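Single-structure report; data block below.
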Amino acid sequence: MRLDKFLAQQGVGSRAEVKQLIKKGCITVNGRSCRLADMKIDENADVVQYNGVPLSYQEFYYYMLNKPAGVVSATSDNVNDTVLSLLKGVNTKNLFPVGRLDKDTEGLLLLTNDGQLAHDLLSPNKHVKKTYFTVIDGKISVKEIKALESGIDIGDETITRPAGLQVLNPDTAKRYLPPSFNVEKAEACYILLTITEGRFHQVKRMFQAVGRNVLYLKRIAMGNLSLDPGLKSGAFRELSADEIKNLKKV
Ligand code: URA
């Protein structure tokens with residue numbers, strides 16, 4: 001890899017900025033000052049230092065975002081803020097969201113530059129589990145639960161794959177709800193729904209198929225990755241090494 005490309009990828013600066021740093025002699029490769037921006041380095045073996053501080057090469061980045069409502073799951077958008085704009089201080093150049101959450105959906109969104117992992121997590125053949133905390137209007141009946149669990153016609157060519165449903169009491173539901181949501185007043189039902197597909201607006205369409213509207217939707221898990229309960233809405237963090245390892249077991 002070219003030295004200037006490596007430095008830019010490490011977030012040292014833009015390509016133009018790192019060229020200036022190289023010219024000024026701020027960069028050493030294996031202990032020797034290097035003033036050639038196009039010098040080829042082995043990013044896995046060579047020790048590159050910026051003002052004496054070693055830069056370690058990381059090929060892939062993984063961030064967990066607690067997506068707030070109002071931002072779109074895209075890398076660019078002419079009208080709305082994107083999920084990438086929330087990753088303050090991060091070099092987002094090659095990052096993308098793994099799958100989409102609707103603009104009004106909140107919760108767990110993985111952002112990475114690891115195309116293979118994204119492909120595996122989204123592949124329709126892998127049936128990766130996604131769990132959503134859902135608030136619907138009105139009480140759900142046993143018949144409706146059974147219909148959703150066994151698979152339901154949402155207007156596609158095939159019915160949905162079997163799903164898991166767990167009805168929560170309002171006290172348990174509070175841990176997933178935004179502070180603005182009034183549990184006492186709402187005539188609502190709180191459900192954890194686990195699906196193994198990713199059809200367009202799938203959760204909303206599943207509940208619509210049994211005559212219910214989704215009032216609030218938040219993803220709390222995807223594959224082996226759970227939303228960190230300590231992450232406030234709009235906050236993000238890098239995944240731990242264990243989280244990455246577990247996520248790759250798809
Ligand atoms: N299902 C939906 O209806 N919306 C989402 O954002 C995710 C799943």
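Here are some notes:
- Report summary: the helix-based calculation at 222 nm, which adds -39500 (n - 2.57) for every DSSP H run with n ≥ 4 and divides by the residues of the chain, gives -5500 deg cm²/dmol.
- Between the beta carbons of THR75 and THR196, assuming R0 = 30 Å, the FRET efficiency works out to 0.70 to the nearest 0.05.
- In this structure, the residue pairs whose Cα-Cα separation is over 28 Å, taken from LYS139/LYS248; LYS143/LYS245; LYS146/LYS174; LYS129/LYS245; LYS174/LYS245, are LYS139/LYS248; LYS143/LYS245; LYS174/LYS245.
- Heavy-atom accessible surface of the stretch 77-126: percent carbon and sulfur, 1.4 Å: 44 percent
- A simple rule links phi to the HN-Hα coupling: the Karplus curve 6.51 cos²θ - 1.76 cosθ + 1.60 with θ = phi - 60°, which for the stretch 236-250 gives 9, 7, 6, 6, 6, 4, 5, 4, 5, 4, 5, 5, 6, 7, 8 Hz, with x for Gly and Pro.
- Proximal lysines relative to LYS103, as straight alpha-carbon distance under 18 Å, when same-chain residues fewer than 8 apart are discounted: LYS67, LYS130, LYS204, LYS218, LYS232
- Solvent-accessible surface of the chain, averaged per residue with a 1.4 angstrom probe and all protein chains in place: 54 square angstrom.
- Sparse packing (at most 13 other Cβ atoms within 10 Å of the Cβ) combined with a DSSP loop state is found for the following GluC sites (Glu not before Pro) in the stretch 153-250: GLU157, GLU184, GLU187.
- Once both labels are positioned 7 Å from their Cα atoms along Cα-to-Cβ, the gap between ILE244 and VAL142 label points is 4.9 nm.
- Debye log10 I(q)/I(0) for the stretch 3-55, one point scatterer per Cα, at q = 0.12, 0.13, 0.23, 0.24 Å⁻¹: -0.19, -0.22, -0.76, -0.84
- Rg and Dmax [Cα atoms of the chain; Å; Rg one decimal, Dmax integer]: 22.5, 73
The values are calculated or read from the model by the stated rules, or taken from the named source; none is laboratory data. This is a predicted model, so every value here is computed, not measured. Cβ atoms come from the backbone with ideal geometry, glycine included; neighbour counts cover every protein chain shown. SASA here: full protein model, heavy atoms, side chains in, ligands and nucleic acids out. Shrake-Rupley method; radii C 1.70, N 1.55, O 1.52, S 1.80 Å.
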